[in-house]
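Note sheet for the following structure.
The values are calculated or read from the model by the stated rules, or taken from the named source; none is laboratory data. Bear in mind the structure is a predicted one, so any value in this text is a computation, not a measurement. Neighbour counts are summed over all protein chains in view; Cβ atoms, including those assigned to glycine, are modelled from backbone coordinates with ideal geometry.
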Amino acid sequence: MLRAGKVLLPVLRRKGDLAEFYKVLNVSKSSSLKEIATSYFDLAKQHHPDHGGEEEVFRAIHKAYRELKKVHKGGAIDFVEAELSNRVPPEDAKLIFGDEDEGSYWEKKKAKIRALLGEQKFAIKGKGDPWSGFLYRVQEAPHMTDGFSEFYCLYLHAAYNSQALNTTILEVIDYMVDKTYFIHLDEKKADKYEYDWNDDDDDFILISLDGIYKQIYIGRDMPIEYGRTSLSLQPIISEVVEDFQYYLE
């Protein structure tokens with residue numbers, strides 16, 4: 001058994017041992033998929049190696065979530081996991097979401113968040129947990145980051161479509177480590193990417209995409225090139241557009 005804080009997490013060896021998967025996520029057989037997903041993200045946030053957790057424990061949590069999700073969706077899911085990559089979009093890629101113009105509101109927003117985080121890191125250097133009280137301060141004053149306060153999440157900054165590679169590319173920023181990544185989604189496998197959707201908040205959407213260990217935060221002020229959204233076959237793109245249109249109505 002692996003001890004992680006007050007939670008005992010068994011080392012999973014047998015793919016079919018559902019009882020252990022339920023124990024890992026602290027859920028029961030009667031729990032809904034939403035309850036399982038909520039528990040997964042709570043545990044993943046707590047035990048991720050980026051935040052001092054053990055990689056073995058985190059992998060056990062991730063595996064348990066994958067297997068229980070299969071059970072709740074019929075047991076025969078032929079899905080494809082997404083991956084974070086450093087590979088930038090190709091030259092032919094057309095912008096769907098976001099705004100690349102220098103000095104634009106969208107670019108200024110990114111710079112503003114980075115400046116705020118840099119200021120905070122400098123202010124508390126050598127004084128313990130750099131995030132202690134910080135998220136609360138930001139949530140109390142959302143104008144400081146134009147509403148973006150979920151720093152554990154990946155922040156969707158742009159989306160592109162490449163006809164040459166037949167892919168849709170999501171550009172995401174992890175502000176906790178100040179890195180930009182890209183998620184390349186194969187158009188031929190557009191219906192094979194599994195994701196969960198949370199639009200309970202009026203200011204943003206949270207998407208959980210299989211294979212990505214952090215949720216993706218999408219601000220509802222994101223610019224959209226409506227004439228290009230049809231270029232992508234990804235359901236995740238059409239859902240964002242539909243959600244934005246519904247929200248505006």
Looking at segment 208-217, can you tell me whether even one residue there is assigned by TED's automatic domain parsing to the domain that holds A111, buried (at least 17 other Cβ atoms within 10 Å of the Cβ) and at pLDDT 90 or above? yes
If you take the residues of segment 84-102 that are in contact with a helix residue (DSSP H, G or I) (Cβ under 8 Å, 6 or more places away or on another chain) and either without any contact (Cβ under 8 Å) to a residue 40 or more places away in the chain or of a type outside the set (A, V, I, L, M, F, W, C) (or both), which of them is surrounded by the fewest Cβ atoms within 10 Å (Cβ to Cβ)? D101
Taking segment 225-249, which residues are farther than 13 Å from E187 by Cα, hydrophobic (A, V, I, L, M, F, W, C) and surrounded by 12 or more Cβ atoms within 10 Å (Cβ to Cβ)? V240, V241, F244
Residues in segment 188-216 that are outside any strand (DSSP E or B) and either at positive phi or in contact with a Ser or Thr (Cβ under 6 Å, 6 or more places away or on another chain) (or both) total 2
Kindly indicate whether any position in segment 190-203 is at pLDDT 90 or above, more than 16 Å from the chain's Cα centre (by Cα) and exposed (fewer than 14 other Cβ atoms within 10 Å of the Cβ). no
Matching residues in segment 23-56 (β-branched (V, I, T) and at pLDDT below 85) number 1
Among the candidates G74, G126, G147, residue that is surrounded by 13 or more Cβ atoms within 10 Å (Cβ to Cβ), outside any helix (DSSP H, G or I) and modelled with pLDDT under 75: G147
